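Below is one structure, written out as structure tokens, with a few remarks after it.
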Amino acid sequence: MVLKAFGASVIGPAHLLSHASNQDALSVRGRKWGWITAVCDGVGSCVHSDIGARAASKAVQHTLRENRMLMPHEATNADIHAKWLQHIKPYAVHEVATTCLYGQVLPSGEAIVGQLGDGLILYRENGVFHQFTPNRMGYGNQTAALWKQHAPEQWLNARFTLQKPGDGVILMTDGISDDLIADALPAFFEVIYQTALRCSRRQAKRWLQKELGDWATPKHGDDKTLAAIFRG
Amino acid sequence: MSGLKQFAMAEARPLPIIVLADTSGSMEGADKIGALNAALKEMIDSLAKESRLRADIHVGIVSFGGTVTQHLPLTSAQIIPALPELKAHGATPMGEAFTLVHGWLEDKNLIPSRAYRPVIILLSDGQPTDAWEEPFKQLCASDRAQKATRLAMAIGADADEVMLKQFINDKEAPLFYAHNAHDIHRFFRAVTMSVSARSTSPNPNQALPIALSIPTDDLDLDF
């Protein structure tokens, strides 16, 4: 089975104006056992949230490349949290809190996703589109995040299989998801899949960077990060 | 190749500001109601002119004097028409006003989930004349409404400070006091500056301290 993966992260206009760094982090890595991706969004009120987001991205990669999806979700989430606490040193947790979304797809098509906090995960299994993340109940940016204590109840997880060409998973930060038209999510998923199908990984990344940089919602300001893994 | 523009909302994220204005009969004295009208107009004008915003500021005004009135439905500050002036008369049905605002906050069509955290501003110069406790409890306990930032200003010496202090949920903002018309202006200027700063920052959800020490050349008019 051919798996195609790519991602991009762009700094938001608000952070550009204030000369701040991108507080999102992205990693998309492929190895012989498939693809692992992480999309993390540093909590805006934390002074070093960019560091926390990058640490979470690394923690996901370290955990999942050892894990190979053999562990139950609860153990995987706990391991990511423990590794994040190691990676953020010497910073205090309240300086670096971050959301954490991850996905892993094996060459067999078996897939797992996990989410703590804001953002959106979409997937298509056996040709059927799913919005994994429930609709937000409160208002913008009130989010769970990696913090001092591991909070198993705050994580969301799913396990599924990419069976058909076009099946896949997309993860994104709320800088994108909060501006997406709800009814258009399946079509949004399809456009990203078609791009992955037609382009090299590098071309797809450039396309995505341009699209996120030219975001259409007026007055948008947040950083924007998206990662995708598809069965080709 | 298709682009992603077609999937993005055409409207900016709203930042709702809801003013709960006591317009009971006692607000007539010392031209408190005049000061309130002027301060509200100044706030709306200032927010409408602000061009750096990362949000579309929506202002709504609920008055409670005799009856509860939706004086201004939540409307983008940039398109608010000239408003009729608030008039002072009658009793103080604050609990009914809480119920109306509670309904606004829970209505996802009116305030979508992508909206930034709303701000509710309560101004009162007296004591509620209806059973306000239960509506207030519901406002504080409900899923969405409890997440709004609540500020309050006590106008004059008769205001129920205990009740107003209970209303506040922002650690950065104590109960503000208006001893004269000038204080109402200063309060609204401070709120305007705070909301404006919040909505131009990279994180418009984060509440900012409200400082009342704003230089002004207004006359000090006692109530």
Completion exercise
Checked against (1) touching a residue at least 60 places away in the same chain (Cβ under 8 Å); (2) open to solvent by less than 10 Å² (accessible area, probe 1.4 Å); (3) closer than 19 Å to A:Leu120 by Cβ, A:Val60 satisfies every condition except (1)
Exercise for the section: Determine which single condition A:Ala38 fails, assuming it passes every other condition in (1) out of contact with any Ser or Thr (no Cβ under 6 Å at 6 or more places or on another chain); (2) under 29 Å from A:Asp167 (Cα atoms); (3) not hydroxyl-bearing (Ser, Thr, Tyr). Expected result: (1)
Completion exercise
Condition set more than 14 Å from chain A (Cβ to nearest Cβ) and of a type in the set (Asp, Glu), scope segment B:135-160, selection nearest to B:Ala115 (Cα to Cα): answer is B:Asp160
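Of all residues being in contact (Cβ under 8 Å) with a residue 40 or more places away in the chain and among the β-branched types (Val, Ile, Thr) in segment B:1-60, which is farthest from B:Ala115 (Cα to Cα)? Just the residue, please. Spell out how you get there, then give the answer.
Filtering segment B:1-60 down to residues in contact (Cβ under 8 Å) with a residue 40 or more places away in the chain leaves B:9, B:11-43, B:46-47, B:50, B:52-60.
Filter once more, so that each one left must be among the β-branched types (Val, Ile, Thr): B:17-19, B:23, B:33, B:57, B:59.
Numbers: B:Ile17: 11, B:Ile18: 13, B:Val19: 17, B:Thr23: 29, B:Ile33: 31, B:Ile57: 10, B:Val59: 13 Å.
By that ranking, first place goes to B:Ile33.
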Completion exercise
Requiring at least 3 residues that are within 19 Å of B:Gly3 (Cβ to Cβ), within 14 Å of chain B (Cβ to nearest Cβ) and open to solvent by 10 Å² or more (accessible area, probe 1.4 Å), the helices (runs of 4 or more DSSP H) wholly within segment A:145-232 are A:185-198, A:201-213
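Tell me which strands (runs of 3 or more DSSP E) are completely within segment A:1-98 and hold 2 or more residues being closer than 16 Å to A:Leu146 by Cβ, away from every other protein chain (no Cβ under 13 Å) and not charged (D, E, K, R), or say none if there are none.
Values: elements: A:3-10, A:24-31, A:34-41.
Correct list: A:24-31, A:34-41.
From the list A:Glu74, A:Glu66, exactly one residue is more than 29 Å from B:Asn205 (Cα to Cα), in contact with a Pro (Cβ under 6 Å, 6 or more places away or on another chain), open to solvent by 50 Å² or more (accessible area, probe 1.4 Å) and not polar (S, T, N, Q). Which is it? It would help to see each step written out before you state the result.
Values: A:Glu66 fails: in contact with a Pro (Cβ under 6 Å, 6 or more places away or on another chain).
One residue alone meets the criteria, A:Glu74.
Take the residues in segment B:123-156 that are among the small types (Gly, Ala, Ser) and surrounded by fewer than 16 Cβ atoms within 10 Å (Cβ to Cβ), then tell me which one is farthest from the chain's Cα centre (by Cα).
From segment B:123-156, those among the small types (Gly, Ala, Ser) are B:124, B:126, B:131, B:141-142, B:145, B:148, B:152, B:154, B:156; that's our starting set.
After this cut, where a residue has to be surrounded by fewer than 16 Cβ atoms within 10 Å (Cβ to Cβ) as well, the list is B:131, B:141-142.
Details: B:Ala131: 22, B:Ala141: 19, B:Ser142: 19 Å.
Only one residue tops the list, namely B:Ala131.
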Completion exercise
Residue count, segment B:94-122, condition in a loop (DSSP other than H, G, I, E, B), touching a Ser or Thr at 6+ places or on another chain (Cβ under 9 Å) and surrounded by 23 or more Cβ atoms within 10 Å (Cβ to Cβ), comes to 2
Practice task
Looking for whichever is β-branched (Val, Ile, Thr), under 17 Å from the mean Cα position of the chain (by Cα) and under 19 Å from A:Gly44 (Cβ atoms) here; the options are A:Thr133, A:Thr217, A:Thr143. Which one fits?
Solution key: A:Thr143
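Just the residues that are within 25 Å of B:Arg198 (Cα to Cα) and either open to solvent by 60 Å² or more (accessible area, probe 1.4 Å) or polar (S, T, N, Q) (or both), please, taken from segment B:157-179.
Just the residues of segment B:157-179 that are within 25 Å of B:Arg198 (Cα to Cα), to begin with: B:164-178.
Passing the criteria: B:Lys165, B:Gln166, B:Asn169, B:Lys171, B:Glu172, B:Pro174, B:Tyr177.
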Exercise for the section: State whether one or more residues within segment B:56-64 are farther than 30 Å from A:Ala182 by Cα, assigned to a strand (DSSP E or B) and of a type in the set (A, V, I, L, M). Expected result: yes
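The values are calculated or read from the model by the stated rules, or taken from the named source; none is laboratory data. Quick caveat: nothing in here was measured; it's all calculated off a predicted structure. A quick note on method: Cβ atoms are made from the backbone with ideal geometry, for glycine too, and the neighbour counts reach across all protein chains shown. Only protein heavy atoms, including side chains, enter the accessible area calculation; ligands, DNA and RNA are left aside. Shrake-Rupley method; radii C 1.70, N 1.55, O 1.52, S 1.80 Å.
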